[in-house]
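Peer 1: One structure coming up, written as structure tokens, with questions to follow.
Here, each number is a calculation from the coordinates, and none is a lab measurement. Fair warning: this is a prediction, and the values are worked out from it, not measured in the lab. Cβ coordinates were reconstructed from backbone atoms using ideal geometry, including for glycine residues, and neighbour counts include every protein chain displayed.
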Amino acid sequence: MTRSPRSAAIVTGSARGIGAATARRLASDGFAVGVVDLDEKQCADTVSAIEADGGRALAVGADVSDAEQAQAAVTRVADELGPPQVLVNNAGVIRDNMLFKMSEQDWDSVMDVHLRGSFLMSRAAQKHMTEAGWGRIVNLSSTSALGNRGQANYSTAKAGLQGFTKTLAIELGKFGVTVNAIAPGFIATEMTAATAERVGMSFEDFKEAAIGSIPVGREGRPEDIANTVSFFVGEQAGFVSGQVIYVAGGPKA
Ligand code: NAP
């Protein structure tokens, strides 16, 4: 089986950052792309960029952690673009704090978006993939899965996504669906800019400090992750499933 010619891809959290670069990359790979983010209006820039490059895209507003909204987003993409055969679970939030200061709300909101959101979107999308006999799910983990000070919630969620990835790979493999995860290191986006602000550093100084511990000696860019998603989604990666690839300019950040 190969992917259907009219198949679509869904990238969650693709109004900006890694998700936006991934949506553009999958569009250039030939997919019509459902650009899903909390606020439909915020998706306009990604959709216009794809259309300007000659691709097809649809802005969809949805909170991935809400079961009804996740299902409605998948249904809308299927109705308006074609059956989603690729899903990139990229939407994310950080609510960093040391354990003794971390509120239940900080814990729950991180679990809700990363874990519950990836679960709900994957459960809704897998129907289209298994019916077609071909599909790809890529989950965004993080080097923080290995442990990171001030991120008990986030590192737990990102480690959880690795187990989720491996289990879906086992369950969905016989339907021609591969499931993999990417664990980025430091990527310059609004998320890392917010971290710089929280620790009281300028983003430039924060980036310089991060680059100091990255073996290839540069910051990560959203396109570095988009390229890796494109690899997992391609036909050539059909025998790669249940894997976690660290994209961090070295073995880990
Ligand atoms: P970002 O710039 O903060 O973008 C994340 C996007 O997700 C935002 O547009 C955000 O919308 C959206 N989002 C948040 N909650 C959502 C929800 N419930 N439903 C739908 N969309 C939602 O982040 P990024 O740096 O591109 O990161 C993308 C992914 O890579 C995340 O999963 C992140 O954890 C992971 N990652 C990033 C890095 C890094 O260094 N940047 C490293 C490792 C892993 P709003 O703007 O409206 O909140």
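Peer 1: Among the listed pairs Lys101/Lys158; Lys127/Lys252; Lys101/Lys166; Lys127/Lys166; Lys41/Lys101; Lys127/Lys158, which have their C-alpha atoms separated by more than 27 angstrom in this model?
Peer 2: With Cα atoms farther than 27 Å apart: Lys127/Lys252; Lys101/Lys166; Lys41/Lys101.
Peer 1: List the residues whose amide H sits under 5 Å from the amide H of Gly242, counting only those 5 or more places along or on another chain, with H placed 1.01 Å from N in the peptide plane.
Peer 2: Here Val179, Asn180 satisfy the definition.
Peer 1: Okay, moving on. How far is helix 17-28 tilted, in degrees, relative to the longest principal axis of the Cα atoms in the chain, given as a value from 0 to 90 rounded to the nearest 10?
Peer 2: Here the helix axis deviates by roughly 30 degrees.
Peer 1: Taking trypsin sites (Lys or Arg not before Pro) as candidate sites, keep only those in a DSSP loop with at most 11 other Cβ atoms within 10 Å, then name the longest stretch of the chain containing none of them.
Peer 2: Between the exposed loop sites, the longest stretch runs 7-148.
Peer 1: Going by the alpha-carbon gyration tensor, a ≥ b ≥ c the square roots of its eigenvalues, is the range 1-86 rounded (a/c under 1.5) or, if a/c is not under 1.5, prolate (a/b greater than b/c) versus oblate?
Peer 2: oblate
Peer 1: Continuing with this model, one more query. How long are the three semi-axes of the equivalent ellipsoid for the range 43-107, computed from the Cα gyration tensor as the root of 5 times each eigenvalue, in whole Å, largest first?
Peer 2: Each semi-axis is √(5λ); the values are 31, 16, 9 Å.
Peer 1: Something else: Between Glu204 and Thr167, what length comes free when the chain is fully extended (0.36 nm per residue of separation minus the Cα-Cα distance, one decimal in nm)?
Peer 2: The span from Glu204 to Thr167 would gain 9.4 nm if fully extended.
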